[in-house]
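For reference, the structure discussed in these notes is given below.
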Amino acid sequence: MAVEVLSEAPGMGAAFARAMVPARARGARLPEDPVRLEGYRQDAARLADYARVCGFPLRDTVPPTWLHVLTFPLHVHLLGDRRSSVRLVGAVHVSNSMTLRRPVSVREELAIEVAARGLRPHQRGALLDLVGTIRVAGETVWEGVSTYLASGMEVPGEPVELPREPFTAVVPHARWRLPAGLGRDYRRVSGDPNPIHTSRLAARAFGFPRPIIHGMWTHARALAALDGRLPEAYRTDVAFTKPVLLPGSVGFHAALADGVHSVAVTSRDGAKPHLLMSVSSTERARA
Amino acid sequence: MHHTAVVVGGNRTPFAKVGGPLAEASNQDLLIAALDGLIARHGLAGARMGEVAGGAVLKHPRDFNLTREAVLGTSLAPDTPACDLQQACGTGLEATVYIANKIRLGQIDAGIAAGVDSASNAPVTVSEPLRRILARASRARSAAERIKVLARIRPSHLAPLAPGVAEPRTGLSMGEHQALTTERWGVTREEQDRIAADSHRSLAAAWDRGFFDDLVTPYLGVTRDAILRPDTTVEKLATLRPAFGGPEGSMTAGNSTALSDGAAAVLLASEDWAREHHLPILAKVVDAEVASVDHPGGDDLLLGPVAATGRLLARQGLGIADMDLVEIHEAFASTVAATRKAWADPEHCAALGLDGPIGTIPDDRLNVTGSSLAAGHPFAATGARIVPTLAKLLHERGPGSRGLISICAAGGQGVVAILEGM
């Protein structure tokens, strides 16, 4: 296995265009080689913009979701690769896990690596993980696993059941009002140009009446709501259960038990979940 | 019940010039950064403070609860109450007095005083006619009525307004006011440039000896005050063109404070609480006084602290000579010079109702680690910058050493306080 080392972050335009072209093959294939970007310098002004859009204060240390955003060009690069029959188009981000091993400063130079792993059958297609690792001077500081469902793709084997997140209705104790332009704002700070988040036409083409906000915005906003309450190192897991239409209002509910924050972003009335998130310190996660 | 209110420590962001390296940070970001460092340094994560008082001079209306919102962004216990307090450039010191008084009365055991300003993110507002039209439109009962109201908007209403820098009752900016004071008190260009050069030299020396290592936390890649120019000299400052007082004026960008971004916070506690928590005790807050002048009637806008100083010293039975250290906020170099001249002037002090002149102090007691000319002056943060600085200096000198803080503020106001080393 060889690592493909990039000298700079791949431009999103062409790679994204390729990643958006539906594959003709039905058999799911992924590039084996990880792709890596070294000596990456974070842009403090873009971080400030990201923090404003997602509701984080601008700190010296960065949110783990920001580190995810930095891996995203490599996601696109991998799924735009000719060895990949899985395309970003039609791939649904179903769940995400991240571990922040220690606070990461905006001034630290990062080595960012992403590999496509774990291709497995699912009733509605193929599941795969994009596994990200960020290192600072050889030390792993962040790990992330983004699980996508490639609808209609085939992988040999018995389909695996995605565990359904248990959910009982909550009484939201906060309401977020998501403006129509939020998709454009998050596109600017995340670099994710998928028109499903900004264009009504594109959204309709994928079966949504209106544009939907990026799942990773909702994840970031939920983490920002816990800001000040989180340990220095933690693991966070989310399941994206239902897209949020723009503009729209959603409910927010968080509870802390046994050191684990359980968060639900729900419909306004708290009956249906859009996103379920848990956050726990890595001490606990390791135990 | 009477308690001793002590300064435990402080923390601030480095200060930077407007539009500089901290320009992306909002008031709330900056205040959180200052509080984060204070919390980390003193092990306050998860602790419920008695109260946090802070404020900003340039504040957007949506930030009406700026300090409470900032507290919620930190690791302090979420049930820590907070209030916004504002007295122009006196904010940081007035917040210190507010918290210290609550501690002295036994109402709280420990609290935080803070101040922040982001000149880079000064709120921009709409013109008064436009604001009235929009307010009327929002009260309209029908769409037709609303359109009728909105139709009154004229292009001239649409220009956004930067925050006013002029004193509302005189129409003069602070610099223009100070130029009048400079003239009246005969403050020379050389005096002003000397004060500015000394400020930069003293602040640079304090940084070099590590004095600020436990008072400042780096933020967004800025590790030292970005305005500081260690290599500036009287000769270099003498080449600058006048900024206030016309072509013959003596006030320049070099001997006036720069518009700045930054935040500062002070941890105050009762002596008992600090001891129980094994925290440092730097100095006690002895007393404070606020005064104002009649600047619409022609008084010197920035000499408000003179009367406050005289009354405070008299109440404490102290003289200016009893002060081992003095911190006079350098709004302009000329403010410092004029303040000292006013202290020594029998007529001026008599007119303020004081029993004789306040007196003089030797240069080596004044602003010994530099002040606002070199550090920068995020308006509301300055008092919260000076309090921990002076408290630490007095602590270094030993118990019983005394220091005076004098801060002038817009509106002809002045806030002064006495600290005593412990």
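Kindly indicate which of B:Pro242, B:Pro218, B:Pro230 is surrounded by fewer than 20 Cβ atoms within 10 Å (Cβ to Cβ) and within 14 Å of another protein chain (Cβ to nearest Cβ).
Result of the check over B:Pro242, B:Pro218, B:Pro230: B:Pro218.
Hey, any hits in the range A:70-93 for a residue that's within 14 Å of chain B (Cβ to nearest Cβ) and either open to solvent by less than 10 Å² (accessible area, probe 1.4 Å) or in a strand (DSSP E or B) (or both)?
Restricting attention to the range A:70-93, the residues satisfying the condition of being within 14 Å of chain B (Cβ to nearest Cβ) are none.
The answer is no; no qualifying residue exists.
State which residue is surrounded by the fewest Cβ atoms within 10 Å (Cβ to Cβ) when the search covers only the range A:139-163 and only residues that are in a loop (DSSP other than H, G, I, E, B) and either touching a strand residue (DSSP E or B) at 6+ places or on another chain (Cβ under 8 Å) or in contact (Cβ under 8 Å) with a residue 60 or more places away in the chain (or both).
Across the range A:139-163, the extreme among qualifying residues is A:Glu158.
Kindly evaluate A:Arg29 against the criterion of being in a loop (DSSP other than H, G, I, E, B), within 14 Å of another protein chain (Cβ to nearest Cβ) and either basic (Lys, Arg) or under 18 Å from the mean Cα position of the chain (by Cα) (or both).
No; evaluated as a whole, the condition is false for this residue.
Being under 27 Å from B:Ala166 (Cα atoms) and either out of contact with any Gly (no Cβ under 6 Å at 6 or more places or on another chain) or in contact (Cβ under 8 Å) with a residue 12 or more places away in the chain (or both) is true for just one of B:Leu215, B:Leu220, B:Leu237. Which residue is that?
Sole residue among the options that is under 27 Å from B:Ala166 (Cα atoms) and either out of contact with any Gly (no Cβ under 6 Å at 6 or more places or on another chain) or in contact (Cβ under 8 Å) with a residue 12 or more places away in the chain (or both): B:Leu237.
Would you please list the contacts, defined by Cβ atoms under 8 Å and residues six or more apart or on different chains, that run from a residue in the range A:83-95 that is among the acidic types (Asp, Glu) to a residue that is surrounded by fewer than 19 Cβ atoms within 10 Å (Cβ to Cβ)?
If the second residue must be surrounded by fewer than 19 Cβ atoms within 10 Å (Cβ to Cβ), no pairs are left.
Is there a residue in the range A:177-184 that is under 30 Å from B:Leu72 (Cβ atoms) and crowded, with 21+ Cβ neighbours inside 10 Å?
yes
Can you give me the ranges of the helices (runs of 4 or more DSSP H) entirely in the range B:139-222 with at least 2 residues that are modelled with pLDDT under 95?
B:143-150, B:174-184
Keeping to the range B:294-333, report how many residues are under 29 Å from B:His395 (Cβ atoms) and part of a loop (DSSP other than H, G, I, E, B).
Of the residues in the range B:294-333, 8 are under 29 Å from B:His395 (Cβ atoms) and part of a loop (DSSP other than H, G, I, E, B).
If you check B:Gly90 against the conditions, is it touching a strand residue (DSSP E or B) at 6+ places or on another chain (Cβ under 6 Å), at the interface with chain A (Cβ under 10 Å from one of its Cβ atoms), open to solvent by less than 20 Å² (accessible area, probe 1.4 Å) and among the small types (Gly, Ala, Ser)?
no
Let's see how each residue does on (1) at negative phi; (2) in contact with a strand residue (DSSP E or B) (Cβ under 8 Å, 6 or more places away or on another chain); (3) open to solvent by 30 Å² or more (accessible area, probe 1.4 Å); (4) assigned by TED's automatic domain parsing to the domain that holds A:Leu275:
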{"position": "A:His122", "(1), (2), (3), (4)": "yes, yes, no, no"}
{"position": "A:Arg135", "(1), (2), (3), (4)": "yes, yes, yes, no"}
{"position": "A:Val189", "(1), (2), (3), (4)": "yes, no, no, yes"}
{"position": "A:Ala203", "(1), (2), (3), (4)": "yes, yes, no, yes"}
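The values are calculated or read from the model by the stated rules, or taken from the named source; none is laboratory data. Every value quoted in this text rests on a predicted model; they were computed, and no experiment measured them. Neighbour counts are summed over all protein chains in view; Cβ atoms, including those assigned to glycine, are modelled from backbone coordinates with ideal geometry. Ligands, DNA and RNA are stripped out before the accessible areas are found, and what is left, the full protein with its side chains, is counted by its heavy atoms. Shrake-Rupley method; radii C 1.70, N 1.55, O 1.52, S 1.80 Å.
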